[in-house]
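Undergrad: Input: one structure, supplied below.
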Amino acid sequence: MRTRTLLLWLLAALLYLGLARIAELDLHRLLVGLPKMGGWVLRAWPPDFSEFPQLLRRAGETIAMATLGSTFGAILAAPLCIFAARNVSPDGWIYWPARSLLNLLRGIDSFVFALLFVVAVGLGPFAGVIGVALHSAGTIAKLWSETIETSEPGPLEAAAMTAASRIKLISFAILPDALPSLASIALYTWEFNLRSSTVLGLVGAGGIGQELKNAVDLLDFPRVAAILLVILTMVTIIDQLSARVRRSLL
Amino acid sequence: MIVARNIAKTLSGRAVLRAASVTVKAGEVVALVGPSGSGKTTLLRCLARLLEPDAGTIELHGLDVTHLAGRKLYRARRDIGLVYQQFNLVRRLSALDNVLGGRLNEIPTWRVLTRNWPANDVAIAQAALARVGLATHAAQRADRLSGGQQQRVAIARALAQGSRVLLIDEPVSSLDPETAASILRLIRELASERGFAVLVTLHRPEDVVRVADRALRLQDGVLRDRLPLPAGRGLG
């Protein structure tokens, strides 16, 4: 037993060494680079808020991207989660395609979707909205379908005795009890999307991330500091707001 | 009236029911007794066709429903009100909404989605709630009602469904003696007043005496014998 444990530790150590090599971990480079970064931090003070209205406009774009993307994602997820929940899926033939579709949507990050849609719809937040919506649809549908699958079977069975249609059964016997969890998932996804939308600007999808990229490219550190503070404030406010609403739902 | 003949059902390799036969006529209350795991609930679920029996036949008001499928099965099932041990109410809905659940098939989809219940169905649900003594609790959320009240709501749901056969699974096992007695009295009254055919699973002999016209013991998958009940109880 001890030899087996030792062997497992050894294997784990080898695995992590291999991973560190692939990821090019280099403590020396970090030690050399950190003071340089410290210098940038010093040069970033005081933050440059001279174009504060412009930063607010860009933050607004980010909030719009996350909010619209999450909302459209939830709308897409609504039918998808029904097809992908084993206990309410209309038939076996639709379950696996639905499951595969939501895995595909979830597997591709909104960042990658946005990158692809910048080609289709051009630069700007619209591509970001589509990216966030598609990725969120997969994430929300998966979490919603799991919530539906773990809902109590009793009320559904009792309602099914009336021979009512599937849509009536789901709406009557599952949704009322599952709604707080479903809403909580959607709100959490919105929170997450707000944080992830801040980097969508890096692929040209607009928002505060676009400003951040421009400022970093120009080595304009006071402006970078101002943008980071705006991002931090925005994310904190939305996190608090969402957490409060989620708490009240449960 | 519901008639089951020689119902057999094997679950996880164990023959839970071997040749269970039972007839429940309109207005009659038949108690099903037997130790835990003897197959009482399995028999009720087979009768409601929620489980497929491996053998045997089930007749509902003279119609053989053993092999019905699809729409025909759903239609037949509407005539069976199943009342569960755990009530199976939608916890966050009001008592009235839960009772309206028995009317789902009659109510248009858009009204169910928007919870805009038709006045006629609301009246039926309110009458059902009144009959089980919960008229004043209509607006209360199901999970805020006591166990006995939840059981009454579940019975009201079956009433609103318009079923003529009631299959009731251990309705009083989790209730205090006083509440249990009132639930059993209600079941008895409903059978007598409205002519329901009631098959109810029970554990305690005193409960059987209180409610049943006849009692059958399920043992080793077979309904073996009839238990003696006091005179005046209409022994079968």
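The values are calculated or read from the model by the stated rules, or taken from the named source; none is laboratory data. Not measured: the values here are computed from a predicted model. Glycine also receives a Cβ, built like all others from the backbone with ideal geometry; neighbour counts cover every protein chain displayed.
Undergrad: Those residues that are basic (Lys, Arg), within 21 Å of B:Phe196 (Cβ to Cβ) and outside any helix (DSSP H, G or I), I need them from the stretch B:128-171; list them, please.
TA: The answer is B:Arg164, and nothing else.
Undergrad: Do we find that A:Leu228 is over 17 Å from the mean Cα position of the chain (by Cα) and farther than 27 Å from B:Leu159 by Cβ in this structure?
TA: Details: over 17 Å from the mean Cα position of the chain (by Cα): yes; farther than 27 Å from B:Leu159 by Cβ: yes.
Taking the combined requirement at face value, the residue satisfies it.
Undergrad: I've got another one for you. State whether one or more residues within the stretch B:127-150 are buried (at least 16 other Cβ atoms within 10 Å of the Cβ), β-branched (Val, Ile, Thr) and over 19 Å from the mean Cα position of the chain (by Cα).
TA: Scanning the stretch B:127-150, I find no residue that is buried (at least 16 other Cβ atoms within 10 Å of the Cβ), β-branched (Val, Ile, Thr) and over 19 Å from the mean Cα position of the chain (by Cα), so the answer is no.
Undergrad: Looking at B:Arg78, B:Arg71 in this structure, which one is touching a helix residue (DSSP H, G or I) at 6+ places or on another chain (Cβ under 8 Å) and not small (Gly, Ala, Ser)? Quick ask: steps written out before the conclusion?
TA: Numbers: B:Arg71 fails: touching a helix residue (DSSP H, G or I) at 6+ places or on another chain (Cβ under 8 Å).
Going through B:Arg78, B:Arg71 in turn, just one is touching a helix residue (DSSP H, G or I) at 6+ places or on another chain (Cβ under 8 Å) and not small (Gly, Ala, Ser): B:Arg78.
Undergrad: Could you tell me whether the stretch A:236-243 includes any residue that is part of a helix (DSSP H, G or I) and buried (at least 19 other Cβ atoms within 10 Å of the Cβ)? If you could, list the steps in order and put the result at the bottom.
TA: So in the stretch A:236-243, the residues part of a helix (DSSP H, G or I) come out as A:236-243.
With the extra rule that they be buried (at least 19 other Cβ atoms within 10 Å of the Cβ), the set shrinks to A:238, A:242.
Yes - at least one qualifying residue is present in the stretch A:236-243.
Undergrad: Within the stretch A:196-218, how many residues turn out to be touching a helix residue (DSSP H, G or I) at 6+ places or on another chain (Cβ under 8 Å) and farther than 19 Å from A:Met65 by Cα?
TA: Counting residues in the stretch A:196-218 that are touching a helix residue (DSSP H, G or I) at 6+ places or on another chain (Cβ under 8 Å) and farther than 19 Å from A:Met65 by Cα gives 2.
Undergrad: Checking A:Val41 against (1) surrounded by 10 or more Cβ atoms within 10 Å (Cβ to Cβ); (2) at pLDDT 85 or above, which single condition isn't satisfied?
TA: (2)
Undergrad: Can you tell me which residue in the stretch A:44-59 is modelled with the lowest pLDDT, limited to those that are over 12 Å from A:Glu211 (Cβ atoms) and surrounded by 13 or more Cβ atoms within 10 Å (Cβ to Cβ)?
TA: A:Ala44
Undergrad: Ok, one more. In the stretch B:59-85, what residues are surrounded by fewer than 17 Cβ atoms within 10 Å (Cβ to Cβ) and either under 29 Å from B:Lys40 (Cβ atoms) or among the polar types (S, T, N, Q) (or both)? Break it down stepwise before answering.
TA: First, pick out the residues of the stretch B:59-85 that are surrounded by fewer than 17 Cβ atoms within 10 Å (Cβ to Cβ): B:59, B:61-64, B:67, B:69-73, B:75.
B:Glu59, B:His61, B:Gly62, B:Leu63, B:Asp64, B:His67, B:Ala69, B:Gly70, B:Lys72, B:Leu73, B:Arg75 - these are the residues of the stretch B:59-85 that are surrounded by fewer than 17 Cβ atoms within 10 Å (Cβ to Cβ) and either under 29 Å from B:Lys40 (Cβ atoms) or among the polar types (S, T, N, Q) (or both).
Undergrad: Give the residue that is modelled with the lowest pLDDT, with candidates limited to residues of the stretch A:147-178 that are closer than 14 Å to A:Arg86 by Cβ and not β-branched (Val, Ile, Thr).
TA: First, pick out the residues of the stretch A:147-178 that are closer than 14 Å to A:Arg86 by Cβ: A:147-151, A:153, A:156, A:166, A:170, A:174.
Still in the running and not β-branched (Val, Ile, Thr): A:149, A:151, A:153, A:156, A:166.
Working: A:Glu149: 92, A:Ser151: 90, A:Pro153: 89, A:Leu156: 90, A:Arg166: 86.
The selected residue is A:Arg166.
Undergrad: I've got another one for you. Could you grab me the full set of residues in the stretch B:1-27 that are touching a residue at least 12 places away in the same chain (Cβ under 8 Å) and part of a loop (DSSP other than H, G, I, E, B)?
TA: So the first thing to find is which residues in the stretch B:1-27 are touching a residue at least 12 places away in the same chain (Cβ under 8 Å), and the list is B:1-11, B:15-27.
Across the stretch B:1-27, the qualifying residues are B:Met1, B:Lys25, B:Ala26, B:Gly27.
Residues are listed down the side, and each one gets a yes or a no for (1) surrounded by 24 or more Cβ atoms within 10 Å (Cβ to Cβ); (2) of a type in the set (Gly, Ala, Ser):
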| residue | (1), (2) |
| --- | --- |
| A:Glu157 | no, no |
| A:Thr162 | yes, no |
| A:Ser184 | no, yes |
| A:Gly207 | yes, yes |
| A:Asp220 | no, no |
| A:Arg223 | no, no |
| A:Thr233 | no, no |
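Undergrad: Residue check, A:Thr5 against (1) assigned to a helix (DSSP H, G or I); (2) among the hydroxyl-bearing types (Ser, Thr, Tyr); (3) surrounded by 10 or more Cβ atoms within 10 Å (Cβ to Cβ), all met but one. Which one?
TA: (3)
Undergrad: In the stretch B:43-57, what residues are touching a Lys or Arg at 6+ places or on another chain (Cβ under 7 Å) and outside any helix (DSSP H, G or I)? Don't jump to the end; show me each part of the working.
TA: Taking the stretch B:43-57 and keeping what is touching a Lys or Arg at 6+ places or on another chain (Cβ under 7 Å), we get B:46, B:48-49, B:51, B:53-54, B:56-57.
The answer is B:Ala48, B:Arg49, B:Leu51, B:Pro53, B:Asp54, B:Gly56, B:Thr57.
Undergrad: Kindly provide the set of residues from the stretch A:151-165 that are more than 7 Å from every other protein chain (Cβ to nearest Cβ) and under 10 Å from B:Leu104 (Cα atoms), ordered by number.
TA: Our first condition is that a residue be more than 7 Å from every other protein chain (Cβ to nearest Cβ); within the stretch A:151-165, this holds for A:151-153, A:156, A:160.
Within the stretch A:151-165, A:Ala160 is the sole residue that qualifies.
Undergrad: Can you tell me which of B:Ala31, B:Ala48 is within 9 Å of chain A (Cβ to nearest Cβ), surrounded by 15 or more Cβ atoms within 10 Å (Cβ to Cβ) and more than 17 Å from B:Ala160 (Cα to Cα)? I'd like the intermediate steps shown before the answer.
TA: Details: B:Ala31 fails: within 9 Å of chain A (Cβ to nearest Cβ).
Unique residue meeting the criteria: B:Ala48.
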